[in-house]
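*Asks:* First, the structure itself, so that you have it in front of you.
The values are calculated or read from the model by the stated rules, or taken from the named source; none is laboratory data. Computed from a predicted model, the values in this text were never measured in an experiment. Glycine also receives a Cβ, built like all others from the backbone with ideal geometry; neighbour counts cover every protein chain displayed.
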Amino acid sequence: MTGYLRSIDDESGSERDVLASPRLVRGVHSEAFDGFYTREYSSLVALAHVLMGTGGHAEDIAQEAMLAAYRRWDEVGAMDFPAAWVRRVCANMATSVVRRKIVEARAMVTLRRPHTEVRALDEAASAFWAEVRRLPRRQAQCLALFYIYECSVKETAEVLGCSEGTVKTHLARGRAAMAARLDIHLNEGV
């Protein structure tokens, strides 16, 4: 965004065009923020409205864009066309809001799906899995993945983010603990 500035030569008093970058020459094209706000605000609301499809949030987006311009007014106000900067900010914010609303809508659709009915376990299976839940966390996870999903040791390791050796250790310890617990329960019933 390079432009030309009118400059007066000190020696001859004549005017000449000087190539200047608005980011380097501060305050040359600067206007008061209040005037800028008054002139641009309604257009920003309209821009946000057409990009978002809703008027309620459009004003919020326009105000956020203006706030961003206000915070950087020394830089933005010195640009050849500060409205372009604030319009870009407004458009980006509106697009972000729309994306966020799409993600939220997808999540709501997922949440509204009918819940999968979990088949009730018989009393013996229910007692067995209750004992599994009493095991240390990793042992219980390994046993559940191995027996419910029929995951291999390698697949279980990938799911849990550990080595295959670690899964084998947890499976062996979990099986041993369950065998001991089941033996205790069997002896109690005799």
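*Asks:* Which of the residues belonging to the range 149-158 are closer than 25 Å to LEU121 by Cα and under 33 Å from the mean Cα position of the chain (by Cα)?
*Replies:* If the condition is that a residue be closer than 25 Å to LEU121 by Cα and under 33 Å from the mean Cα position of the chain (by Cα), then TYR149, CYS151, THR156 are the ones that fit.
*Asks:* Where the second residue is of a type in the set (Val, Ile, Thr) and modelled with pLDDT of 90 or more and the first is over 12 Å from ALA91 (Cβ atoms) and lies in the range 30-52, which pairs have Cβ atoms under 7 Å and are six or more apart or on separate chains?
*Replies:* Taking only residues 6 or more apart or on different chains, the pairs are GLU40/VAL86.
*Asks:* Does ALA120 satisfy being farther than 30 Å from ILE148 by Cβ and aliphatic (A, V, I, L, M)?
*Replies:* no
*Asks:* Can you find a residue that is free of Cβ contacts under 8 Å to residues at least 12 places away in the same chain, among the hydrophobic types (A, V, I, L, M, F, W, C) and exposed (fewer than 10 other Cβ atoms within 10 Å of the Cβ) anywhere in the range 149-166?
*Replies:* Looking through the range 149-166, none of the residues is free of Cβ contacts under 8 Å to residues at least 12 places away in the same chain, among the hydrophobic types (A, V, I, L, M, F, W, C) and exposed (fewer than 10 other Cβ atoms within 10 Å of the Cβ).
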